1. Restricting attention to the range B:100-115, which residues are within 13 Å of chain A (Cβ to nearest Cβ) and hydrophobic (A, V, I, L, M, F, W, C)?
2. Quickly run through the range B:84-99 and pick out the residues that are away from every other protein chain (no Cβ under 11 Å) and at pLDDT below 85.
3. Given the options B:TYR212, B:TYR160, name the one that is within 23 Å of B:GLN369 (Cα to Cα) and touching a Gly at 6+ places or on another chain (Cβ under 9 Å).
4. Those residues that are without any contact (Cβ under 8 Å) to a residue 40 or more places away in the chain and either among the aliphatic types (A, V, I, L, M) or closer than 15 Å to A:ASN222 by Cα (or both), I need them from the range A:79-108; list them, please.
5. Quick test of your reading of the structure: B:LEU119 fulfils all but one of (1) within 30 Å of B:SER305 (Cβ to Cβ); (2) away from every other protein chain (no Cβ under 14 Å). Name the failing condition by number.
6. Which one is nearest to B:TYR212 (Cα to Cα), of the residues in the range B:133-154 that are buried (at least 22 other Cβ atoms within 10 Å of the Cβ) and not β-branched (Val, Ile, Thr)?
7. Do any helices (runs of 4 or more DSSP H) entirely within the range A:38-154 hold 2 or more residues that are charged (D, E, K, R), and if so, which?
Amino acid sequence: MTSVPLTTRRRRVTFPPPVVFALVLVPFLIEAIGVFWPAVQGISLSFLHWNGFGPATTVGFDNYTSLATDDVFIGALKNTAIWIVLFGGISFIAGLGVAVLFQAERRGVGIYRTALFLPIVFSLVVTSLIWSAFFQPNGVLDAILDGVGLSSWKHVWLGDPSTALYAVIVAALWREIGYVMVLFIAGLKAIDPSVTEAAKMDGASAWQRFWLVTFPQLRNVNLVIVSVLVIDSLRSFDIVYAMTAGGPFHSTELLSTYMFSEAFQTRALGYASAIAVVIFVLAIAVIISYLVRAISDEKES
Amino acid sequence: MTHRSHRGLTALAIAAALTTILAGCVATGGSGAVAPPKKDAPGAAILQSRFSDELKGGMPELIAAFNAKGKGKVTLNTIPTETYRQQLPTFLTAKNPPDTYTWFAGEATRAFANQNLLLNISDVWDKNMTKFPSALKALSKNDKGQEVFVPTNYYWWGMYYRKSEFAKLGVTPPKTWDEFITLSKTIKSKGVTPISIGLSDNPWLASAWFDYLDVRINGGKFHLDLLAGKHQFDDPKVKLVFEKLKEVLPYFSKSALGVSYNQSMSDLAQGKAAMYLCGAFISGAVPKDVKGDLGFFQFPIIDPSVPVVEEAPADGFIASAGTTRPNLTKRFLAFAASTEGQEILMKAQGDAALAANPDVHITLGPLAQQGKEMLESAAQVTQFFNRDAGDALQPTADAALTQFFSQPQNVDAILATWQKAAAKARAGS
């Protein structure tokens with residue numbers, strides 16, 4: 001007899017109160033209406049040929065098969081890969097570098113940190129205006145080259161398909177490095193300085209102290225930063241759109257800008273949705289594989 | 001128990017997701033023809049306009065004059081041009097769409113009309129617009145022969161230059177292609193860029209060169225058939241157009257692909273570049289003190305045996321088939337077509353457009369007068385690449401032409417890609 005009240009009491013304890021359900025369900029519903037529902041709509045659109053106002057025709061996987069033979073799409077895929085490697089990679093390394101350089105509280109270090117962080121407060125459109133003026137024919141860069149006697153290096157930086165993508169990446173890096181630096185500084189500050197001091201006492205060189213003591217302790221921060229960088233790379237759109245709009249002739253097209261121009265300029269909504277699905281799958285795949293690896297690493301250690 | 005409720009939630013989410021997939025989710029059907037109501041809903045009609053203040057469309061003045069008549073109220077809703085073009089299909093297919101819209105004549109309007117999205121305004125034409133030229137009337141029809149567009153004005157394209165700069169260079173406007181090439185050579189030898197163009201942010205400007213070369217070499221019929229999809233872009237006749245374009249490529253600025261529209265305009269205004277193939281809207285793009293110095297000449301004649309075709313894009317209004325105020329909307333459109341309405345519009349647009357209503361008598365400036373005479377002497381007029389071919393094809397032309405500016409040696413590959421992209425754009429829409 002005594003066990004019955006006991007179990008009911010235990011049940012009462014484990015059963016979450018209604019407010020918990022409310023806290024879970026309300027955000028879930030908002031998310032469902034605002035995110036899941038449009039996402040599912042996007043997926044279902046990708047099986048159609050539709051211009052947004054005429055009758056739609058169902059075409060099965062036609063949009064996906066034509067993606068495979070679309071040179072612009074393959075170019076955009078390559079550019080996105082270049083973007084992840086260069087934009088993501090350089091942001092990570094340079095951000096870490098300046099963070100290590102500027103983490104210690106020395107006189108005047110705040111000025112450098114502020115200078116590096118400043119680009120983030122500009123909107124991306126302003127950033128792209130500044131850099132367009134920098135790269136434009138007879139702009140700042142060409143004037144600098146003239147000034148140092150390198151006139152022969154002058155170039156139509158944003159108008160030449162061989163340089164345009166890299167020029168845009170430079171502009172995007174200018175903004176991202178400061179952001180990554182701030183994240184790394186936060187991570188570095190959380191490290192107990194006595195560990196590094198102990199390593200120093202044991203005779204570890206500066207490089208060994210960084211690579212064997214500091215860096216391993218940044219693992220959680222690295223996880224966040226890599227995820228942020230991959231997501232930022234895949235959703236990069238505004239700076240490319242504002243600086244080159246994917247041109248000249250699709251040479252700076254990323255998956256995101258190609259999706260936009262297919263959806264709203266060519267008005268091939270089904271085809272654009274298929275590109276959106278590809279972006280979604282790529283982002284999820286990269287992030288899940290990274291998370292799985294990071295978590296299994298954590299378990300091992 | 002917590003576990004079970006968790007599982008329950010997951011199941012719920014999966015069930016919800018599956019239902020939505022199965023339901024097909026998006027309302028993608030074309031709308032059927034719905035007869036507009038006989039009686040107007042109360043309230044003001046909405047005019048959606050793509051003319052921001054600096055574009056000087058004259059919409060606020062037009063609406064103020066209409067509202068002052070006390071025959072109903074129209075309110076103005078202005079949206080930046082690019083956004084407007086992207087969202088127009090959304091406006092038109094909305095449950096409760098705005099009533100009237102500024103838009104282009106031609107295929108750009110027909111595409112919507114043939115999906116039954118536009119209000120049939122044949123009665124406005126029959127009652128109020130009998131004197132409009134038949135060419136404009138033909139442009140305003142859907143495939144069933146009903147009028148769905150009210151033209152308010154049209155403009156011309158020409159090769160613009162600064163008269164004082166031409167005098168300084170000691171050159172005069174050419175008439176034929178050979179004269180044009182010689183002129184360009186002379187200008188270049190004097191250290192001035194002969195032809196200005198800004199393709200970095202406005203690549204569509206290159207389509208003016210394509211249109212004009214095509215109508216001068218292959219004639220208006222071939223051009224319109226090509227844009228309607230009856231010929232292919234890898235046709236040898238199209239290659240002839242690109243070969244002609246190649247002859248003038250050395251006279252463009254080497255950095256044309258990196259120059260912005262504003263920069264290209266100031267190059268012309270400052271005399272760094274001599275000529276610009278542009279629409280009449282150029283007078284709004286150059287500084288005020290340069291405006292009076294602008295002159296233009298007709299795009300040079302290449303083959304005298306080909307009847308002369310000019311570009312004359314018409315602007316005007318369309319109305320939504322779903323309007324709840326059809327009578328008020330038609331009253332407003334009739335007013336916009338009247339001599340009074342068009343005079344207001346012309347005054348606001350300055351010397352950059354010609355009234356569609358032939359009864360409008362206002363003193364034209366010298367450029368408008370020249371433009372009018374040029375268009376009247378033409379055997380045929382076309383609209384512009386995107387207006388004749390449909391907006392969806394414009395990006396394909398932009399890619400092909402900008403690539404040709406940079407890699408003229410790859411012409412065959414460029415044309416093949418263009419044809420493929422155009423076919424895809426036509427199938428997608």
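1. Across the range B:100-115, the qualifying residues are B:ALA108, B:ALA111, B:PHE112, B:ALA113.
2. The one that is away from every other protein chain (no Cβ under 11 Å) and at pLDDT below 85: B:LYS95.
3. Exactly one residue qualifies, and that residue is B:TYR160.
4. A:ALA81, A:VAL85, A:GLY89, A:ILE93, A:GLY97, A:LEU101, A:ALA104
5. (1)
6. The initial filter retains those residues of the range B:133-154 that are buried (at least 22 other Cβ atoms within 10 Å of the Cβ), namely B:139-140, B:147-154.
Next, only the ones that are not β-branched (Val, Ile, Thr) stay: B:139-140, B:147, B:149, B:151, B:153-154.
Details: B:LEU139: 20, B:SER140: 23, B:GLU147: 28, B:PHE149: 26, B:PRO151: 23, B:ASN153: 21, B:TYR154: 17 Å.
Out of the qualifying residues, it is B:TYR154.
7. A:71-83, A:140-147
The rows are residues; the columns are (1) touching a residue at least 12 places away in the same chain (Cβ under 8 Å); (2) crowded, with 21+ Cβ neighbours inside 10 Å; (3) assigned to a helix (DSSP H, G or I).
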position	(1), (2), (3)
A:SER256	yes, yes, yes
A:MET259	yes, yes, yes
A:THR266	no, yes, no
A:GLY270	yes, yes, yes
A:VAL277	yes, no, yes
A:PHE280	yes, no, yes
A:ILE284	no, no, yes
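The values are calculated or read from the model by the stated rules, or taken from the named source; none is laboratory data. The structure displayed is predicted, hence computed values, not measured ones. Note that we place each Cβ from the backbone using ideal geometry, even for glycine, and neighbour counts take in every protein chain shown.
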